[in-house]
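Everything below concerns the one structure shown next.
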Amino acid sequence: MEQYAIKGGNPLVGEVEIGGAKNAALAILAAAVMTDETVLIENVPDVRDTNVLLQAMESVGVIVTKIDRHTIKVNAAQVHDLIIEDDYIKKIRASYYLIGALLGKYRKAEVALPGGCNIGLRPIDQHIKGFRALGANVRIEHGLIITETDKLIGSHVYMDVVSVGATINVMMAAVMAEGQTTVENAAKEPHVVDLANFLNSMGANIKGAGTDVIKIKGVPRLHGTEYTIIPDQIEAGTFMFAAAVTKGDVTVKNVIPKHLESISAKLLEIGCELEESDDAVRVVASKPLGHTHVKTLPYPGFPTDMQPQITVALGLSGGTSIVTESIFENRFKYVDELTRMGANIKVESNTAIIDGVEKYTGASISAPDLRAGAALVIAALAAEGTTTIDDIQYIERGYEDFDLKLQSLGAQIEKISTERELQKFKLRVV
Ligand code: UD1
């Protein structure tokens, strides 16, 4: 199994290009099946999650052509099947966007029910409530969500919780329904807006995305389009925190600074200097980091997907910090691994109380999930000595060339798969 071997201690310095947003890509690729015409999508990140979704789409007859590493052509004129198998859902939860997309276009979809996952329970009751409000029958049989109807009719959907996934799925199901759908208490994340812009470029009539009330007027059909996905807010935020934790000086390029506001605000609070331009943010960490409190919230609040990265930074900050996780109940599992690197963090239910320590020290650890895995890499980059990180396939779900991008900033990180390679790495970096 592949691991990362990391020798900490080098400040990260330089510029890094941020790729297309994984979470926007997952929604947009799924929505591309909603027309029979060809759709060209640019800035698609080449990560495991998007590749698995593309395979799931191919399994039902969608023709996917890779023009280059980040440009993909999708044609769904020959879809022959409306069943998405369990294998894809097991690998990537967001395959469930194909429910909204297939239901919206063909009035029928059968998709394996996503199970739990290692950041906590992830119910889909709000998705189902939305589909039912539009007139679809939804039943769960043999582990599949089966949804079908003769026609979808616009409706009023009030979300009991702010859910990115449910907002996206309902938006797709409503786009070709008869009449108007209003989604209240909708998620406002940048990728919800990106999906709405994409669907509108295909002829949809969606207004209000980015606010908590989205209005969708049904149109009879969607047409082909060419579209460029927005930059990845979380990849950018991860590199910004990597700069802070390693006392570095990193410019994240090809970003939308507005999407990074909650992240930038916290970096300023803990003592980093920031410089913003139209499409880049520079983070300089020349002073010791200070403590702060943070609570994860739906956008524009501090993202839950940045919670492990800020916790790693606060673990090395002077004083006591408190991090409250309000989106997923089980998102502090990585703290055990961080403790093995010397962190002093106590977790009580959804709160981490962090007493900053002088330094982390290298250890053998495992990535428990995507974002926590990336955060542990950052901790290792700041740690004294060598760290090995197992289960890096989680990290590769959402970060393209993470090791190579970090290397280009001066990090000593390598992908290894044998003990011999580890020994070689240790000799090289001493
Ligand atoms: C998306 C992101 C994920 C991010 C999360 C929160 C994608 C592919 N994934 O996940 O990276 O961490 O948003 O920003 O974009 N909930 C319900 N019922 C539902 C749906 C959700 O109770 O039907 C709850 C969840 O348990 C959670 C909260 O709502 O507590 C938010 O979840 P949601 O926004 O739906 O997350 P995802 O779309 O799964």
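The values are calculated or read from the model by the stated rules, or taken from the named source; none is laboratory data. This one's a predicted model, so the numbers in the text were calculated from it and none came from an experiment. Because the Cβ atoms are built from the backbone with ideal geometry, glycine has one as well, and the counts that use them run over all protein chains shown. The protein model used for the area step is the full one, side chains on, heavy atoms only, and it has no ligands, DNA or RNA in it. Shrake-Rupley method; radii C 1.70, N 1.55, O 1.52, S 1.80 Å.
The table that follows gives values for the structure above.
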{"quantity": "Gyration tensor over alpha-carbon atoms, the stretch 335-430, equivalent ellipsoid semi-axes in Å", "calculated": "24, 16, 12"}
{"quantity": "Largest-first ordering by accessible area, 1.4 Å probe, given options 253, 258", "calculated": "258, 253"}
{"quantity": "Charge tally in the Cβ shell below 15 Å around residue 259, where Lys, Arg are +1 and Asp, Glu are -1, residue 259 excluded", "calculated": "-4"}
{"quantity": "Of 66/426; 359/424; 90/217; 73/108; 7/266; 73/247, those spanning more than 30 Å from alpha-carbon to alpha-carbon", "calculated": "66/426; 90/217; 73/247"}
{"quantity": "Per-residue HN-Hα couplings for the stretch 164-170 [Karplus 6.51, -1.76, 1.60; θ = phi - 60°; Hz; x = Gly/Pro]", "calculated": "4, x, 5, 4, 5, 5, 5"}
{"quantity": "Sum of side-chain charges, residue 350 neighbourhood, beta-carbon under 11 Å (Lys, Arg +1; Asp, Glu -1)", "calculated": "-1"}
{"quantity": "Order of exposure, largest accessible area first, which applies to 127, 259 with probe 1.4 Å", "calculated": "259, 127"}
{"quantity": "Net charge of Cβ neighbours under 11 Å - reference residue 272; Lys, Arg +1; Asp, Glu -1", "calculated": "0"}
{"quantity": "Calculated SAXS-style log₁₀ I(q)/I(0) at q = 0.13, 0.15 Å⁻¹ - the stretch 1-159, Debye, Cα scatterers", "calculated": "-0.68, -0.86"}
{"quantity": "Nearest 10 degrees, 0 to 90: helix 370-382 Cα axis against the chain principal axis", "calculated": "20"}
{"quantity": "Check: the chain dipole with +1 on Lys, Arg Cβ and -1 on Asp, Glu Cβ, in debye", "calculated": "300"}
{"quantity": "Compactness of the chain - radius of gyration and Dmax, Cα, Å", "calculated": "21.8, 67"}
{"quantity": "Value of relative contact order over the stretch 265-408, rounded to a whole percent, pairs C-alpha under 8 Å and six or more apart", "calculated": "18"}
{"quantity": "Computed Rg/Rh of the stretch 124-232, alpha carbon atoms with Kirkwood Rh", "calculated": "0.97"}
{"quantity": "Cα centroid separation - the stretch 374-417 against the stretch 46-74, whole Å", "calculated": "26"}
{"quantity": "Which of 211, 238 is most accessible, then next, and so on - probe 1.4 Å", "calculated": "211, 238"}
{"quantity": "Carbon/sulfur fraction of accessible area - the stretch 244-348, other protein chains in place, 1.4 Å, %", "calculated": "51"}
{"quantity": "Label point distance in nm, residue 424-residue 276, each placed 7 Å from Cα along Cα→Cβ", "calculated": "4.5"}
